[in-house]
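Okay, structure first, notes after.
Read-outs: derived from the displayed coordinates by stated rules, not from any lab. None of these values were measured; they are calculated from a predicted model. All Cβ positions, even for glycine, are placed from backbone atoms using ideal geometry, and neighbour counts span all protein chains on display.
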Amino acid sequence: MDMSLFRKKSINQLIQSSKKGKTLKKDLTAWDLTLLGIGAIIGTGIFVLTGTGALKAGPALTLSFIVAGLACAFAALCYAEFASLVPVSGSVYTYSYATLGEFVAWIIGWDLVLEYLLATSTVSVGWSGYFQSLLKGLFGFELPDALTAAPGAVPGKATFFNLPAFLIVLVITFLLARGITESKRANNIMVIIKILVVLLFIFVGVQYVKPANWTPYMPFGYQGVFSAAALVFFAYIGFDAVAAAAEETKNPQRDLPRGLLYSLGICTVLYVVVSGIMTGMVPFKLFAQDQSHPVSLALVQTGQNWVAGFVDLGAIMGMTTVMLVMLYGQTRIFFAMSRDGLLPKKFSDVHEKYRTPYGATWFLGLIAALIGALVPLDKLAELVNIGTLAAFTLVSFGVLVLRKTMPDVKRPFKVPAVPVVPILSIIFCVFLMTQLAAITWIAFVIWLTIGLVIYFGYSRKHSVLSQAE
């Protein structure tokens, strides 16, 4: 076996390379990181996927969220150890480079490109639907059919281009290119608004809960619970993007673990409470009527139309912050891969004034905007999920490897109960991967094959470690 495939960057090398040349601006605190995580997590999952999940699991959707949340909690502890140990841009890609070698790092970096790009594009389509609904409700304005959705996305309509989806991603790209401070402020404001909207739903909805709607609690058995857990796992995607902010955090050793765990804990509690109230307000089979607006649907069925309007606004805010954080994480991983020579150097250029990876941000933003505008993405949530689960599995494995190979290195945050927690994380993630459809696995393998061609055709030869050798 060619051992150059597994050449590693030491932790000191990673930290030193992040300090050379033009550096990213350090402006994030534990509060900012927590809101960044909530910004990424609360969005499509709570406002859209709860309906589809309820049809798979019934009222036991609350258990599905707990199962998916546990998988994330174990993985988050592993992320927290790495993030405090290696406070450098790139998230799991960077951690893999330090523990498992260049080839594995490339695979997981390429995997994350798929996850974040498709997540941004998928959410932009959901955002477009809510935005068009709001425009129609408030102003009676409707876009021409041709500009409402991707080609072939709406049966019986001559759709051509999803203009709202395209434009919102461009606006977010502009924000990210201008700097982390502006992006942070916009995210924090929108996150606070959408949390208030979720709390409003809980306060109003709990008054209309009928315990009879929770019977039978588990109509599709444990298989339904696990199947829904694999789907609603999409609702948690994004907390790992907090780790990508390591290089722009004022005190990463202390604040990154806090941001990761606080945001995940808050969102899990909100998910379980909201799904419990939703399935208590109306019979779960009712969500088959409209899977795209399940929270609003439950409110309308109980006569609370005024709250449903606020929920639509919260959904728009929620999806906007999800796209912002996903695209942010994507640009930082691209930046790190470029700095290591695995992608062209142009992608790691930092703007003189804004101190952001300006070129990479616009390049990725335009691709995400075009995918959202031109491709019907209703089947791609599972493809995003499999990429994330693979990343979580590798991070957990990396903790075990590093504890064995570097037992004495100083760890500002340590995963408790090693090896139990990392092993539980691996078991949960692999189990959820087995619940995904065969077509998802086929598409994932095709994407990884394309990545292998690029690695052996370009990246391996241009790698900074290769040049040093």
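Overview of values
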quantity	calculated
The stretch 320-468: C-alpha gyration tensor shape, a/c 1.5 cut-off, then a/b vs b/c	oblate
Radius 9 Å from Cβ of GLY359, net charge of other residues (Lys, Arg +1; Asp, Glu -1)	0
Cβ-defined net charge surrounding ALA105, 14 Å radius [Lys, Arg +1; Asp, Glu -1]	+2
For peptides 152-159, 337-344, sequence by mean Cβ density within 10 Å, most packed first	337-344, 152-159
Per-peptide average of other Cβ atoms within 10 Å, ordering 127-137, 265-275 highest first	265-275, 127-137
Cβ charges +1 (Lys, Arg) and -1 (Asp, Glu), total dipole of the stretch 332-433, debye	440 debye
Centre separation in Å (Cα based) which lies between the stretch 255-321 and the stretch 81-159	20 Å
Cα long-axis angle, helix 252-281 against the chain (0 to 90 degrees, to the nearest 10)	20 degrees
Cα gyration tensor, the stretch 101-229 - rounded (a/c under 1.5), prolate or oblate	rounded
Entries in LYS136/LYS353; LYS26/LYS136; LYS184/LYS404; LYS157/LYS184; LYS26/LYS410 that, when Cα-Cα distance is taken, lie over 31 Å	LYS136/LYS353; LYS26/LYS136; LYS184/LYS404; LYS157/LYS184
The chain - charge dipole about Cα centre, Lys and Arg +1 at Cβ, Asp and Glu -1, debye rounded to 20	1040 debye
Top positive-direction residue, dipole computed over the chain with Cβ charges, set THR173, GLY37, VAL399	VAL399
Shape call, the stretch 30-81: gyration tensor on alpha carbons, a/c limit 1.5	oblate
Estimated inter-spin distance, ILE202 and PHE141, nm [label 7 Å along Cα→Cβ]	3.5 nm
Förster radius 51 Å - calculated FRET efficiency between ARG254 and PHE161 (Cβ-Cβ, nearest 0.05)	0.65
Contact order normalised by residue count of the chain, Cα under 8 Å, 6+ apart, percent	34 percent
With Cα atoms, 0 to 90° folded angle of helix 30-41 axis to the chain main axis	60 degrees
